[in-house]
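The structure appears right after this line, and notes come after that.
The values are calculated or read from the model by the stated rules, or taken from the named source; none is laboratory data. All values reported here derive from a predicted model rather than from experimental measurement. With ideal geometry, Cβ positions are generated from the backbone for all residues, glycine too; neighbour counts draw on all protein chains shown. We work out accessible area using only protein heavy atoms, side chains counted, and drop any ligands, DNA or RNA first. Shrake-Rupley method; radii C 1.70, N 1.55, O 1.52, S 1.80 Å.
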Amino acid sequence: MSKVLYVHAKGGPPVGHALSRVAARSAVHLLALSELPATVAAEAARLCATAVTTPDADGVDLVELITARAREVGADAVITFSEYAVVAVAEAARRLGLKGPGPAATLARDKRLMRAAWERHGIPQPRFRGVRTVAELDAAGMELTYPLLLKAAWSAGSTAHQIIDSPADLHGAWARSGAVMTESARLGFAELHVTGAGEDFIVEEIVSGCAEEWFDGPGWGDYVSVEGVVVDGVFQPVCLSGRMPTIPPFTERAGITPAALGGEAQDRIVELARRAVAALGLENCGTHTEIKLGAEGRMWVIETAARFGGAMTVPQIEEVFGLDLVGMFTDQLLGRSPDWPARVLTPDDADGAAGSLVVLAVDGDGKAWPQRHVWDASAVVRSAPLGPGSTLSVVAESSLPDGTPVPVYDPAAGANTMAGLCLLSADGPQSVVRDFAALVDALPHLLPAAIGGEARA
């Protein structure tokens, strides 16, 4: 039987979902670089032939750790779905002579290198500068047009994003973003392989989106993601996921599969994603490419990744299109021939729609809840104001334990201040947007109030 070394770290699709699907295709040996969620630990022990946990890898050569463990278990493939472990796993696979993203994986992690590659290939994107010091940020501020967005070059989940409206805001934004990256590293949401990655940033001009010209219904955000895979160097798109509007500065609130786009618009978006992925030179990996949608058909590529989309993107695709991306990708790494879609899938191919909502303590306009609340998954599921035929569940491994105070939303910390993750199934994409809008409004009324707690941003 084939053997897979599964490298777990924070981020990516829920490990309970991914691990079970890898185990259905191969014997699994788990190397956990962060602690498994308590809700899946027992199931992981049942599914895995062996399990090694090394949550404190400071000072450890991560590539050597992965390579040595893969040799010990005789792994035929090394796999990860975590943004923070992609580069290390790619290099380990290369050393082992196994399929993986290849040496270009760093270009799909470091936003500075990514943007530079796209610049060389003429890919439309916001104007940007890579910055590593406050002096470099000052210099960039004299070259770019305000407002600007400062973000960490190796981050995920909208962490350390800061909007800079004028030169007077530069130094404060720099200090705040640096502090957030330090805290994110403490929580395990940071690049695991590249030393000093938390000190790397980019600053870019903010381009204006226009969702109304792309979507027929209301409530959509002005960007989409193209979900796909690279097979032996060839990009194969799978489908598009849409979004609700972000929370200031640019924190994602909800993803919806499929995106409710017409065929011509979808084709244009996919073609831009194809060019963006091809410019990076990846070999074998999942891909998640975000594209901003502007007025009069304009588009800009925001970023891509050498892994599948995080949160519930992968389970959503499985639910509405019947595609087990994790299992298929496992087969690909093992040298089998999975039946990837011959063309990008559309809403007409979907069986209903699915979406995931990040619970943050802000209303539909991004305004903080006036009162503190505690998380209660059963109260949300029991009383959510859903439309006919819609169903809601809470992803336990991605949510706080019941009774935990909902964190005050911190614009700089992004998804680090989430309380829970909800999964919704409905009859179509517009129904998901409608139900999520209603749920966002209802949440502070559904959740119990914290004792003596006023909200402070």
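The largest accessible area among 10, 367, 292 belongs to the first residue in 367, 10, 292, and the rest follow in falling order (1.4 Å probe, all chains). The apolar share of the surface of the chain, taken as the fraction of accessible area on carbon and sulfur atoms (1.4 Å probe, ligands and nucleic acids excluded), comes to 52 percent.
Per-peptide packing, taken as the mean over residues of other Cβ atoms within 10 Å, places 246-255, 83-92 in the sequence 83-92, 246-255 from highest down. The alpha carbon centroids of the range 258-279 and the range 62-132 are separated by 23 Å. At full extension, residue 438 and residue 182 could sit 88.6 nm farther apart than now, given 0.36 nm per residue minus the alpha carbon distance.
Would you list which lysines come within 29 Å of residue 367, measuring only between C-alpha atoms, while excluding same-chain residues fewer than 8 positions from it? By straight Cα distance, residue 367 reaches 10, 151, 292.
Provide 381, 22 ordered by accessible surface of protein heavy atoms (probe 1.4 Å), highest first. Don't skip to the answer; put the middle values down first.
On the way: 381 65, 22 0 Å².
So, going from the largest accessible area down, we get 381, 22.
In the frame of its principal axes, the range 97-206 has Cα extents of 51, 38, 21 Å, reported largest first. A crude spin-label estimate for the pair residue 42 and residue 379, with each label 7 Å from Cα along the Cβ direction, gives 2.7 nm.
With a 1.4 Å probe and every protein chain left in place, work out the accessible area per residue of the chain in Å², rounded to a whole number.
Numbers: 17770 Å² over 457 residues.
Roughly 39 Å² per residue, with all protein chains present.
If the cut-off is 23 Å between C-alpha atoms, which lysines fall inside it for residue 3, apart from same-chain ones fewer than 8 positions away? In chain and number order, the partners are 99. Packing-based ranking of 421-431, 342-352 yields 421-431, 342-352, ordered from highest to lowest mean Cβ neighbour count within 10 Å. For the pair residue 212 and residue 296 in one chain, pulling the backbone fully straight at 0.36 nm per residue adds 29.2 nm over the alpha carbon distance. First check a/c for the chain, with a ≥ b ≥ c the square roots of the eigenvalues of its C-alpha gyration tensor; if it is under 1.5, answer rounded, and if not, answer prolate when a/b is larger than b/c or oblate otherwise. Taking the square roots of the gyration eigenvalues as a ≥ b ≥ c, the chain is rounded.
With both labels modelled 7 Å from their Cα along Cα-to-Cβ, the residue 127 to residue 343 distance reads 4.0 nm.
You can think of it this way: the chain between residue 199 and residue 368 has 57.9 nm of extra reach, that is 0.36 nm per residue less the Cα-Cα gap. Accessible surface comparison of 373, 171, 445, 193, probe 1.4 Å, protein chains only, largest first: the order is 445, 171, 193, 373.
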